[in-house]
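The values are calculated or read from the model by the stated rules, or taken from the named source; none is laboratory data. Just so we're clear, the structure is a prediction, and the values are computed from it rather than from any experiment. So basically every Cβ, Gly included, is an ideal-geometry build from the backbone, and we count neighbours across all protein chains shown. Areas reflect the complete protein model, heavy atoms only, side chains present, ligands, DNA and RNA absent. Shrake-Rupley method; radii C 1.70, N 1.55, O 1.52, S 1.80 Å.
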Amino acid sequence: MTSVLVRHASAGEPHDWDGDDSLRPLDARGREQAAQLVELLRPLEVRRIVSSPFTRCVQTVEPLADALELSVELDGRLAEGAGQAAYILVQEDGIVCCTHGDVVGDLVGRGLKKGAAVVLQAGEVVREI
């Protein structure tokens, strides 16, 4: 069973964004990171893409979804502050889950850089992308 947990790509600094933080989009660097994820994750047998409903998470996996002709499913269990609510999702074979730094830490016990991902097998980290 292989799944992928992605931390959203770069979206600038929260204090530089005037609107609702859940609507903060990727910045130029983040869009580049999202594009790079396509080539890194394409070789994995991705069958489903699920994202936090926050704009920056959705935008991180949209290029992958487009390339694989899949839709991005929104799930509040991946939202910022959700803790380990997404544990059951990351157990699913062939799933890519995009979330926030705090949720990554809660699920795998350590943080990731923005735009990075970990490949999980049976819930254990086997490599970082």
Interchain or long-range residues, amide H under 5 Å from L112's placed H: none
First compute the accessible area of the chain with a 1.4 Å probe, then give the percent of it belonging to carbon and sulfur atoms. 48
May I ask which residue of C57, L89, S22 lies farthest towards the positive end of the charge dipole of region 1-100, with charges of +1 (Lys, Arg) and -1 (Asp, Glu) on Cβ and the Cα centre as origin? L89
Select from region 14-58 those GluC sites (Glu not before Pro) which occupy a DSSP coil region and have at most 12 other Cβ atoms within 10 Å, ordered by residue number. E45
What is the diffusion coefficient of the chain in µm²/s, taking the Kirkwood radius over Cα pairs and the Stokes-Einstein relation at 10 °C with a viscosity of 1.306 mPa s? 112
Between E73 and R29, what FRET efficiency comes out of the Förster formula 1/(1 + (r/R0)^6) with R0 = 25 Å and r the beta carbon distance, rounded to 0.05? 0.45
Phi angles of region 39-56, converted by Karplus (6.51 cos²θ - 1.76 cosθ + 1.60, θ = phi - 60°) into ³J(HN,Hα) in whole Hz with x for Gly and Pro, give 5, 6, 9, 3, x, 7, 7, 6, 10, 8, 10, 10, 9, 4, x, 5, 3, 5
Amide H within-cut-off set for L74, under 5 Å, with H built and near neighbours excluded: S51
Once both labels are modelled 7 Å past Cα along the beta-carbon direction, what's the E124-D102 spacing in nm? 3.0
Which shape class applies to region 11-52: rounded if a/c is under 1.5, otherwise prolate when a/b exceeds b/c and oblate if not, where a ≥ b ≥ c are the square roots of the Cα gyration tensor eigenvalues? oblate
Expressed as a whole number of Å, what is the distance separating the alpha-carbon centroids of region 108-129 and region 55-81? 17
Kindly provide the helix-only [θ] at 222 nm of the chain, computed as the sum of -39,500 (n - 2.57) over DSSP H runs of four or more divided by all residues, to the nearest 500 deg cm²/dmol? -8500 deg cm²/dmol
For region 76-92, 3J(HN,Hα) per residue [Karplus equation, 6.51 cos²θ - 1.76 cosθ + 1.60, θ = phi - 60°, Hz, x = Gly/Pro]: x, 5, 9, 5, 3, x, 7, x, 9, 4, 8, 3, 5, 4, 6, 8, 7
Whole-Hz Karplus couplings 3J(HN,Hα) for region 33-38, θ = phi - 60° and coefficients 6.51, -1.76, 1.60, Gly and Pro as x, run 4, 4, 5, 5, 4, 4
Show me the ranking of peptides 78-87, 51-60, 98-107 by mean Cβ neighbours inside 10 Å, starting with the highest. 51-60, 98-107, 78-87
